[in-house]
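First comes the structure, then the notes that go with it.
The values are calculated or read from the model by the stated rules, or taken from the named source; none is laboratory data. Quantities reported herein were computed from a predicted structural model and do not represent experimental measurements. Ideal geometry is used to build each Cβ from the backbone, glycine not excepted, and the neighbour counts take in all protein chains shown. All accessible areas refer to the heavy atoms of the entire protein, side chains included, with ligands and DNA or RNA removed. Shrake-Rupley method; radii C 1.70, N 1.55, O 1.52, S 1.80 Å.
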Amino acid sequence: LVRLRGSNVGLTFNVYPQPDRADPVISTNSKVGGVSLNQSIYSGNAIFECHATGVLNGIAASLKYDETPSENTELLRIAHQYPMAIPKPTFTSTGPTVSIDVPPSWNVVISAFVPKTPLLNILPSKLTHKPYNQLVACDWDDHDHTIMTSLFANKWLTPDVLMHDITNNNAPELVLLPQIVPLQLKVQSYFSKSQSTSGKFLREEKYSSNQVRVVTAEGAHDENVPEHFTVLITVQDEVPHDWQPAYDSSIITVRCSYDQKATSQYNLGNIQGDIIPGLPKTVEYFYYFAVYGNDFGKIFKQFLLPKITSALKLVSQPTAYDFVGVNVGFSRWFLGDLVELPEVLQDEAFYTGQSADSQFLGDAGAIKYNRWWPSSWDDEFKSDEFDGIFIITAYDGAIADIFVYELERAFSTTIFRKLLLKGRRRPGEEEQNDHFGYRGGISNPEVRGVTFDTQMQSDPRYPGSPIIPMGAVIMGYDGDGDKDTRPEWAKDGTFMVTRKLDVFVPEFEAFL
């Protein structure tokens with residue numbers, strides 16, 4: 001009997017006959033993740049081998065061959081726990097930069113607070129000790145794609161104070177929840193002795209600090225968090241003189257703890273934030289475009305990809321007043337130019353397009369040239385020449401307008417604006433309500449463990465919100481009836497529909 005508990009574990013069982021140990025008479029491969037595996041594999045005259053790979057909390061195995069073993073049999077009993085080493089985050093420093101490789105299931109917190117453990121009592125309890133301007137940039141990367149950025153900054157002539165994240169409501173720390181995929185964090189330090197150069201404007205190579213140093217300090221034992229440690233990154237802004245102490249410019253604290261139970265079962269860094277949990281907004285722009293140049297992919301990767309707002313960013317960080325949310329979608333025609341679209345996408349409407357499918361939505365129209373053409377649509381929507389859409393949200397319309405300007409300047413040689421729709425909340429007391437004047441969650445479905453935490457709250461965020469499985473809106477998860485036949489590149493994506501509808505608010509009120 002083999003009992004296994006762990007995640008991402010592969011087991012190979014081999015049972016060889018005695019005494020020649022030829023090819024195994026039984027050989028099985030098993031894969032488990034976060035569950036127990038009980039498997040009776042053999043009882044008889046044989047040698048048993050068990051090979052395990054992956055992250056294990058431990059293996060407990062017991063096998064008894066024969067109560068009366070002969071010279072050709074061997075009595076083997078394994079009833080021991082073999083703790084497996086859990087891969088830990090690794091830190092690599094080069095000049096002013098520290099790269100942190102974070103394996104799955106690790107919680108990482110970067111903050112201005114130095115824990116008061118015996119090893120740290122001799123260290124200052126503040127993050128920055130200099131009166132000039134300093135900046136600590138933290139970039140979370142997934143496969144070289146930056147999915148989240150935090151910028152910790154101080155204020156001029158204010159030494160020995162905490163540095164705060166100016167990109168996220170001046171939060172004192174950055175928290176990365178445990179993920180199912182490995183991520184990389186890059187931490188880099190900057191400074192300037194010019195009062196006019198501060199905040200995000202420090203993020204240039206010429207303002208880089210001289211060097212950083214990584215110091216590990218194990219925290220006090222905590223039975224609730226058996227696998228945890230603290231790392232200090234001490235910063236040296238300038239090459240010190242003989243009489244100056246080194247690495248005293250600032251201290252960055254990184255607290256790491258292993259929590260397999262808290263690991264999200266979803267790859268939130270690869271899911272666009274407007275799908276789940278939804279981009280926060282006061283204004284929302286729908287930018288429909290067509291591609292005509294050959295440099296779209298290159299510009300997209302350089303300019304837009306780092307700016308796409310992931311679900312991970314939204315559930316990990318608060319949003320600031322200057323927040324800009326960006327998501328993107330591609331039409332069936334344009335996507336077909338990028339990848340081979342197999343029939344197993346299992347969505348007929350996506351292949352045919354909304355105009356041809358609108359007959360089944362109740363839109364007025366007629367059959368021409370062997371297909372349905374809607375007659376009640378606005379003229380700009382009657383064409384199938386849309387290649388994609390940018391969804392842009394912000395708390396301030398002026399900030400959204402600036403982003404649109406930057407977007408069009410970056411893509412000036414490769415896209416053409418087909419249509420720009422601007423949506424805003426209702427004014428005054430109706431700001432928090434929908435267009436009919438009501439507030440509720442019917443159109444805001446919730447996913448347990450993503451949009452709300454069952455340990456913190458038993459109910460969803462919005463009254464009336466339906467609780468749905470992730471696969472109802474995201475391909476490749478439970479709830480997606482076709483998850484087993486989706487192409488690999490489609491996982492973590494969804495099908496999006498945009499429709500412009502006339503809403504008769506006064507008529508609805510009169511009806512009530």
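Quick check: residue separation of residue 161 and residue 333 times 0.36 nm, minus the Cα distance between them. What number comes out in nm?
On the way: separation 172, 0.36 × 172 = 61.92 nm, distance 5.44 nm.
Separation in residues times 0.36 nm, less the Cα-Cα distance, equals 56.5 nm.
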Area of residue 507 that stays accessible when all protein chains are in place (1.4 Å probe, Å², to 10) = 110
Extension gain (nm, one decimal) between residue 467 and residue 351, 0.36 nm per residue minus Cα-Cα | 38.9 nm
Counting sequence-distant residues (5 or more places) and residues on other chains, those with an amide H built under 5 Å from that of residue 273 are 309, 310, 311
Would you please give the FRET efficiency between residue 478 and residue 186, computed as 1/(1 + (r/R0)^6) with r the Cβ-Cβ distance and R0 = 41 Å, to the nearest 0.05?
-> 0.75
With label points set 7 Å from each Cα along the Cα-to-Cβ direction at residue 321 and residue 489, the distance between them in nm comes to 4.3
Return the distance in nm (one decimal) between the two label points of a simple spin-label model at residue 398 and residue 510, each offset 7 Å from Cα along Cα→Cβ.
-> 4.0
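Could you give the length gained on full extension between residue 406 and residue 373, defined as 0.36 nm per residue of separation minus the Cα-Cα distance, in nm? Walk me through the intermediate numbers first.
On the way: separation 33, 0.36 × 33 = 11.88 nm, distance 3.59 nm.
Additional length available on full extension: 8.3 nm.
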Accessible-area order (highest first, 1.4 angstrom probe) of the listed residues 207, 438 | 438, 207
Can you run phi through the Karplus equation (6.51, -1.76, 1.60; θ = phi - 60°) for the range 193-199 and list ³J(HN,Hα) in whole Hz, with x for Gly and Pro?
-> 9, 9, 4, 6, 10, 8, x
What is the spin-label model distance, in nm, from residue 425 to residue 265 if the labels are put 7 Å beyond Cα along the C-beta direction?
-> 3.4
